[in-house]
Amino acid sequence: MTVKKNLEVCFSPALLHLYDTKGKVVVIIDIFRATSTITAALANGAEKVVPVASVEECIALGASTPNSITAGERNGQVAPGLQYGNSPLEYPEEFISGKILNLTTTNGTRLLHQVEDADTIIIGSFLNLSAVCDFLIAQDKDVLLGCASWKDRPNMEDNLFAGAVVRKVQSYFDIKCDSAMIAGSMYDDALRRPDLLSYLKVGSHYERLANFGLLKDLEYCTQVDIHPVVPILKNNALVLEKVTTI
Ligand code: MLT
């Protein structure tokens, strides 16, 4: 009899110390907007995305790396000194193809740097939901779905994505994790609404970004499976992994 691997969900970077990440596949989730932007930029042909902790480091890297740009946000708005922001719509193929994107964000890239001993780190978003699920099933390793949240406070959109993954892969994994159960129930609830975005409207980061006039970003980030790719961390940069179809 094949023993199923475990899958757990961590709702906040502040809770990460409670989970063992050693040898696991960790999925970094920041739906609004870091992991959606990373997915879109790589799917549109970026050579790689370099996640950077600080704005200063990002600027220095941009200056020393040919054919690269600096981008990111603090508190949801373009950080002073960076060339571009954290909107997936800023990175269409005609602009980003062949470029290196140095990216620093408030929560998403921060969580990426917090996970130290995982076997594999990949990027999850609704844009690549099925590709992520197929990848997890094919790995046959324990999985942690890590929500970037907002400044350590759990948020609707990251938890909802975790729930979508739970529902899609649950027959392949042994899931004994209350957070996974909560996330799965959220997803069931969301499926009863007209669309995912209407479910997420009560969320704090939805409101923050909508107040900045970024409704188009929110709509973009809740499209499902438009980019069937898996961004994976290799040599401190995110690149595209070959997709395994189940
Ligand atoms: C983050 O990493 O904190 C977010 O992606 C913020 C944002 O929406 O730009």
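The values are calculated or read from the model by the stated rules, or taken from the named source; none is laboratory data. Since this is a predicted model, take the numbers as computed values, not measurements. In this analysis, Cβ positions are derived from the backbone assuming ideal geometry, glycine residues included, and neighbour counts consider all displayed protein chains. In case anyone asks, the SASA skips ligands and DNA or RNA and just uses the protein heavy atoms, side chains included. Shrake-Rupley method; radii C 1.70, N 1.55, O 1.52, S 1.80 Å.
Brief remarks follow.
- Exposure ranking of Glu56, Glu207 by accessible area [1.4 Å probe, largest first]: Glu56, Glu207
- Region 1-80 shape via C-alpha gyration tensor axes, a/c threshold 1.5: prolate
- For the chain, fraction of C-alpha pairs farther apart than 32 Å, in %: 14 percent
- Taken over the chain, lysine pairs spaced eight or more positions apart, or on distinct chains, with alpha carbons under 12 Å apart number 9.
- Computed over protein heavy atoms with a 1.4 Å probe, the accessible surface of the chain works out to 43 Å² per residue.
- Residues Ser54, Ser36 ordered from highest to lowest accessible area at a 1.4 Å probe: Ser54, Ser36.
- Whole-percent carbon and sulfur share, accessible surface of region 5-234, 1.4 Å: 50 percent
- Selected from Cys221, Cys147, Cys58 as most flexible by GNM, with the chain as the system and alpha-carbon contacts under 10 Å: Cys58
- Over the chain, dividing the summed -39,500 (n - 2.57) contributions of all DSSP H runs of at least 4 residues by the number of residues returns a 222 nm mean residue ellipticity of -10500 deg cm²/dmol.
- Overall form of region 48-175 per C-alpha gyration tensor (a/c, 1.5; a/b vs b/c): prolate
- Net charge contributed by nearby residues that have their C-beta within less than 13 Å of Val169 (K/R +1, D/E -1): 0
- Under the span-like rule (Cα at least 24 Å along the axis, Kyte-Doolittle mean at least 1.0), DSSP H helices of the chain: none
- With every protein chain in place and a 1.4 angstrom probe, the accessible-area ranking of Ser185, Ser125, Ser130, largest first, reads Ser185, Ser130, Ser125.
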